[in-house]
Amino acid sequence: MTSLLDYAPIAATCFAVPEFLPQIRKLAATRDTTGISWSWAALTSVNNAAWSAYFMLARYWTALIPSCSATVLAGTLAAMLTRRGQARLRPATVISVWAAMLTGAYGIAGRTGLGTLLTAAFVLQVTPSIWAAYRTAHPTGISAGTWLLILGELTCWLTFGLYKSDPRLITLGLTGVTASALMLARIRRASKPAERIAPRDLTLAQ
């Protein structure tokens, strides 16, 4: 008998496909890059390209939808940030080495080797975004909408992992939920001073 929790991956896909659109739209509209990590966008694109290869090898066609979407949209975001001068040589070199490691893992151990290395990929992927957000005094460029969608997606994978007793999915879900919560807390905290200043500005304007 099919459980409602069996549909959690479908729900995760619905969250994942438009995940980067709020951030892309905000950057296009405001040109504000404050607090946005170029490394996060680039790593997300590289990692999801690797996941797409993994899913193709596993013939898991449904999973290709969110991974391909993330590859294209995160790559678009990385390109937009590059045009705004956010790319740096050292992070780019590290990401190139990581991409080579993913390719090497597949060459040495096939799909199993690639999947093993991808288990740690999400931790590597979100670390630059958290670092950038918490090092920036007012990370006004970050989109809360994107991180809410990431939270929704990874909550679904965590739920499904617990349901299936899958340690890889549980690890992915816990990491994602924690990272999303940290980012949303940072965005909320950074927006509070502006909210306190607004009434004072309104009084002066009157």
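Every number here is computed from the coordinates shown, using simple stated rules; none is lab data. This is a predicted model, so every value here is computed, not measured. With ideal geometry, Cβ positions are generated from the backbone for all residues, glycine too; neighbour counts draw on all protein chains shown.
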Checklist entry - Gaussian network model of the chain, Cα springs within a sub-10 Å range: biggest mean-square fluctuation belongs to which of I65, I142, I187? => result I65
Checklist entry - Among T30, T155, T71, which one shows the biggest mean-square fluctuation in a GNM of the chain, springs joining Cα atoms closer than 10 Å? => result T30
Item to check | Efficiency of FRET between R189 and D32 - r from beta-carbon atoms, R0 25 angstrom, step 0.05 | outcome: 0.90
Next on the checklist: Using the basic label-point model (7 angstrom from Cα toward the beta carbon), what is the Y7 to A144 distance in nanometres?
Outcome noted: 2.9 nm
Item to check | Percent RCO, i.e. relative contact order, over the chain, from Cα pairs under 8 Å lying at least 6 residues apart | outcome: 30 percent
Checklist outcome for this item: Amide H contacts under 5 Å for S143, restricted to residues at least 5 apart in sequence or on another chain and with H modeled in the peptide plane, are none
Item to check | Order by protection proxy (mean Cβ within 10 Å, highest first), peptides 37-45, 146-154 | outcome: 37-45, 146-154
Checklist entry - ³J(HN,Hα) across region 70-87 via Karplus (A = 6.51, B = -1.76, C = 1.60, θ = phi - 60°), whole Hz, x for Gly/Pro? => result 5, 4, 6, 6, 5, x, 4, 4, 4, 5, 4, 5, 5, 5, 9, x, 8, 6
